[in-house]
Amino acid sequence: MRTKKGKPVDVAAINSAWQGLFDQSKTNSIEGLRKDGWISIYEASKNMNRSRPAAKAALERAGAEYKQFVIIAGGFARKTGFFRLKC
């Protein structure tokens, strides 16, 4: 008679792994991020009249929170840095 060789599959762990993958690769809208207080590094550099690296350094020194989001820009999904001031 055949014996069981493998361990049972943990369905909850597999579902959690799939959900993590979906969350990691979801796209966000710029308008939705603005409502949450986020501003892209491109907008920040334009408003500060500085280059992107200089604006990023200034915002980091000011203690702004930095996070990268995947957005749709120009018809393509792009990973872009966003800043939000901590209140």
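Condition check ((1) of a type in the set (D, E, K, R); (2) over 10 Å from Arg84 (Cα atoms); (3) not in a loop (DSSP other than H, G, I, E, B)) across all residues:
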{"position": "Ser16", "(1), (2), (3)": "no, yes, yes"}
{"position": "Phe22", "(1), (2), (3)": "no, yes, yes"}
{"position": "Lys26", "(1), (2), (3)": "yes, yes, no"}
{"position": "Gly37", "(1), (2), (3)": "no, no, no"}
{"position": "Ala54", "(1), (2), (3)": "no, yes, yes"}
{"position": "Ala57", "(1), (2), (3)": "no, yes, yes"}
{"position": "Gly63", "(1), (2), (3)": "no, no, no"}
{"position": "Lys67", "(1), (2), (3)": "yes, no, yes"}
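Looking only at residues in the range 3-26 that are small (Gly, Ala, Ser) and at pLDDT 80 or above, which one is nearest to Lys67 (Cα to Cα)?
Filtering first and then ranking leaves Gly20.
Of everything in the range 69-87, what is in contact (Cβ under 8 Å) with a residue 12 or more places away in the chain and in a loop (DSSP other than H, G, I, E, B)? Give them in sequence order.
Leu85, Lys86
In the range 1-33, which residues are farther than 25 Å from Gly75 by Cα and among the charged types (D, E, K, R)?
Of everything in the range 1-33, those that are farther than 25 Å from Gly75 by Cα and among the charged types (D, E, K, R) turn out to be Arg2, Lys4, Lys5, Lys7, Asp10.
Kindly list, by first and then second residue, each pair from a residue in the range 21-40 that is of a type in the set (Asp, Glu) to a residue that is surrounded by 11 or more Cβ atoms within 10 Å (Cβ to Cβ), limited to pairs with Cβ atoms under 9 Å and residues at least 6 apart or on different chains.
Asp36/Arg84
Could you tell me which residue of the range 53-87 is nearest to Ile30 (Cα to Cα), considering only residues that are charged (D, E, K, R) and surrounded by 15 or more Cβ atoms within 10 Å (Cβ to Cβ)?
Selected residue: Arg84.
In the set Ile30, Ile39, which member is at pLDDT 85 or above, out of contact with any Lys or Arg (no Cβ under 9 Å at 6 or more places or on another chain) and surrounded by 10 or more Cβ atoms within 10 Å (Cβ to Cβ)?
On inspection, the qualifying residue turns out to be Ile30.
The values are calculated or read from the model by the stated rules, or taken from the named source; none is laboratory data. Small disclaimer: the values here were computed from a predicted structure and weren't measured. Positions of Cβ are backbone-derived with ideal geometry, glycine not excepted, and every protein chain shown enters the neighbour counts.
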